[in-house]
1. List, please: which pairs have Cβ atoms under 7 Å, are six or more places apart or on different chains, and start with a residue in region 1-12 that is assigned to a helix (DSSP H, G or I) and of a type outside the set (D, E, K, R) and end with one that is modelled with pLDDT under 95 and surrounded by fewer than 12 Cβ atoms within 10 Å (Cβ to Cβ)?
2. Only one of A100, A32 is at pLDDT below 65, of a type outside the set (D, E) and assigned to a loop (DSSP other than H, G, I, E, B). Can you tell me which?
Amino acid sequence: MTGILLVSQFILAGILTVAVLLQKSSSIGLGAYSGSNESLFGAKGPAGFLAKFTFIIGFIFILNTLALGYFYNQDKKVSLAEDIKIEKSVVPSSPETPVAPSAPSAPTTK
């Protein structure tokens, strides 16, 4: 199931990217390469159609992302944090009687 959702996630990401780039903006974007968009989508142009299409594809993309995360978590059943091995470090216990640190001896000259 996760394989199908993963493939559809890549397809939806590509469609969503193209839909966003085809929309009108301050710069023309990819709309310059498609010729006269207004004759294809009617007198109002592609703005209404592309905005609705982008919203629908974006909503499907979010639902697919949530489903992919849910099914992947159900298949894995283990958190990534549980796989981390922590080595326990042993701290030596302090002696019962404190030992005074010895002063370093002065170097002797001959």
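1. Here the result reads T2/D75, each pair linking region 1-12 to a residue that is modelled with pLDDT under 95 and surrounded by fewer than 12 Cβ atoms within 10 Å (Cβ to Cβ).
2. Working: A32 fails: assigned to a loop (DSSP other than H, G, I, E, B).
It is A100.
The values are calculated or read from the model by the stated rules, or taken from the named source; none is laboratory data. Source: prediction; values computed, not measured. Glycine also receives a Cβ, built like all others from the backbone with ideal geometry; neighbour counts cover every protein chain displayed.
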